[in-house]
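Here's the structure, in structure tokens; my notes come after.
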Amino acid sequence: MTSAPARGQPDGLPAFRDAGHGYDVFGLDPRAARRAARLCGPLYRRYFRVTSTGSEHLPATGAAILVANHAGTLPVDGAMLWLDVMAHSGRVLRPVADLFVAAFPIVNTVFARIGVVSGTRQNVRHLLEAGELIAIFPEGTTGVAKPFRERYRLQAWRVGHAELAIRHRVPVIPVAIIGSEESWPVAFKLRGVRAFGAPYLPIPASPVPLPVRYHLHYGAPLALHRDHPPDAADDPVIAAAAAERVKVALAELIARGLEARRAGAVGGRR
Amino acid sequence: MRILVTGATTPLGGEVGRRLLTDPAVEHVLEAGAEPFLGDAPRLSYRRCDLTRERAVHDLVHGDARAHGVDTVIHLALHRSARDEGPRIHARNVLALRQLLAACAAVPTIARFVYPSSAAVYALRASGPALLDEDAALEFDPEAPQWIRDRVEADLTVCARMGMSRLAIVVLRTAEILAPDMGSQLWDYLRSRVCLRPLGFDPMINVISLEDAAAAVVLAAGARGQGVYNVAGADTLPLSRLIARWGRRDVPVPRPLLAPLYRLRAGATGLEFRFDLNLRRFQFGGLIDDARARADLGYRPTHPLRWPRP
């Protein structure tokens, strides 16, 4: 099954690959994405007061992998990144979610309509071949549930993003998300509760996310594929080294972002 | 080409037969079906045949097919009703196919065997990919309904001969043909004015028209090489949109209620839709990726559904 090439819509809707009835094969509906962006606009502008630097690194067209740090009970950081990418590039970011998300009633449908995709290898391959902009959080659920004392320390680092970048010849853009790791930390995890296949039930330290300012820092694209042929993606040593390169770049970006926040060089009152 | 088409009296068989006869390269079409004699025409002959009887299969292949110099066999005979179960249905869906394959391999003129399988053979899981390619896992759940188990066994029966027989074998895992008398679960589902679907799930569904399914079969019959191909239709949309475009009312209902409600419906009206057959599809979708059929067979779905007027 293929679909029409990505295109901007005459009525200002974001570009997408229509599978024939106004949805792409993963269930993205650009009208729903626009509605979601409007609905969440106040959260983005007034509650978390998101600012960003380096959005010029977001490509106007073509595939790229955004790699970001992850924290905060529920993926609020992913939502702010999604909104920021739409605000600055007009593109619908395709965040890659953990596999268990597809089994969650209602959430699975809302996520599908706004462009979230379940993280199977085939799904991500299809998106990259279609020239989509995807976001991967290599810390996964370990990152979401990191304790407050571990904030801004990158947790267990998966290597799938580096493999994909090498195999599909796409750039990796590190994104430091500053603010998310203080906003809604996990107090403890109920490991016995595994609703819909989730690994645990997170109990946050506050009933709602705290209104911490978000600062997003997009780093310069890393061309991991320049150093390796596509087949090198299968070499675990090469993939691990490439993933480490991304981790180091992101850790530096986070450190710079935290320093800029301390110095008051980002954000500002609105 | 000289072609034997089994299941010729099904809507798909009829459409395939019509398409084959428009091709001047097709010298003769031998049709076999369960219905009484339909009549012959130039380049077309019909043979009534009960494929569950080994003798009938033997006589069809070694008698009529050999006499007509058949070189390609298209096997479309499959029990369509999801209500029927048991050994008789298994014999029609699986044993007849096995016998036909063995008989065809023994006739020197027959070189090609085309079997339209179904996308229902794939295992659908929440953790699975949104687009299933031909390497995706098949449904081996022993608790799955016979309707699915038969289709998986038939599919694998044909696949197992690929490369082991002198026949060039093509398996077409076709999306659901949304047409009457084709055993389409969705066709039956959409006959009610109110369509119930699982609350909180609205998966993407792909359906194929009879014309596109037949076109894929004819392409596979005339192609070279062998293999397994997914064949998707021109219409891909969420289940709720499918219901709305069909002019029906979409009512989300908690999932545990759906199987008993549709059992009641089947008991009261005799309709065939079974929620247990569609349990996973109605939650997790499971579209098929037809990139291989497009590349190797030149297949393109060009006949979207004819949607009823709202």
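The values are calculated or read from the model by the stated rules, or taken from the named source; none is laboratory data. The structure displayed is predicted, hence computed values, not measured ones. Because the Cβ atoms are built from the backbone with ideal geometry, glycine has one as well, and the counts that use them run over all protein chains shown. To get the accessible areas, we keep the full protein, side chains included, count just its heavy atoms, and leave off ligands, DNA and RNA. Shrake-Rupley method; radii C 1.70, N 1.55, O 1.52, S 1.80 Å.
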Out of the range A:119-195, which trypsin sites (Lys or Arg not before Pro) are coil in DSSP terms and have no more than 12 other C-beta atoms within 10 Å? A:Arg191, A:Arg194
If you roll a 1.4 Å probe over the heavy atoms of the protein chains, what accessible area per residue do you get for the range A:84-172, in Å²? 37
Among DSSP beta bridges whose residues both lie in the range A:30-262, state the antiparallel percentage, nearest 5. 40
Two-decimal Rg/Rh of chain B from alpha-carbon positions, Kirkwood Rh? 0.96
Counting only protein heavy atoms with a 1.4 Å probe and every protein chain in place, the carbon and sulfur fraction of the accessible surface of the range A:30-262 in whole percent equals 60
Using the Cα centre of the protein assembly as shown as origin and beta-carbon charges of +1 (Lys, Arg) and -1 (Asp, Glu), tell me which of B:Leu60, B:Ile243, A:Ala162 is placed farthest towards the positive end of the dipole. B:Ile243
With N residues in the protein assembly as shown, what two-decimal value do you get for its Cα radius of gyration over 2.2 N^0.38 Å? 1.10
Looking at the range A:102-118, residues buried by 20 Å² or more relative to their chain on its own, accessible surface at probe 1.4 Å, turn out to be A:Ala102, A:Ala103, A:Pro105, A:Ile106, A:Asn108, A:Thr109, A:Arg113
Helix B:146-161 vs. chain B, principal-axis angle (Cα, 0 to 90°, nearest 10): 40
Search the structure for amide H atoms under 5 Å from the amide H of B:Val5, placed 1.01 Å from N in the peptide plane, and list their residues when 5 or more places away or on another chain. B:Leu30, B:Glu31, B:Ala32, B:Ile74
Interface size between chain A and chain B, please: total buried accessible area, 1.4 Å probe, rounded to the nearest 100 Å². 2000
Quick check on the protein assembly as shown: of the DSSP beta bridges with both residues there, what percent are antiparallel, nearest 5%? 25
Could you work out the helix-only [θ] at 222 nm for the protein assembly as shown, with each DSSP H run of four or more residues adding -39,500 (n - 2.57) and the total divided by the number of residues, to the nearest 500 deg cm²/dmol? -9500 deg cm²/dmol
In terms of the ratio Rg/(2.2 N^0.38 Å) built on C-alpha atoms, what value belongs to the range A:1-126? 1.03
Considering only DSSP beta bridges where both residues belong to the range B:19-156, give the percentage that are antiparallel (nearest 5). 20
For the range B:253-305, what does the accessible surface come to per residue with a 1.4 Å probe? Please give it in Å². 48
What stretch of chain B, leaving out the sites themselves, is the longest with no GluC sites (Glu not before Pro) in a DSSP loop having at most 13 other Cβ atoms within 10 Å? B:144-310
Alpha-carbon spread of the range A:92-151, three principal axes, descending order, Å: 40, 26, 20
Given H placed on each backbone N at 1.01 Å, which residues far from A:Val92 in sequence or on other chains put an amide H within less than 5 Å of it? A:Ala15
Give me the percent relative contact order of the range A:30-262, please, defined on Cα pairs under 8 angstrom at least 6 residues apart. 27
Looking at chain A, do any whole DSSP H helices span at least 15 angstrom along their long axis by alpha carbon and average 0.0 or above on Kyte-Doolittle, and which? A:76-89, A:236-262
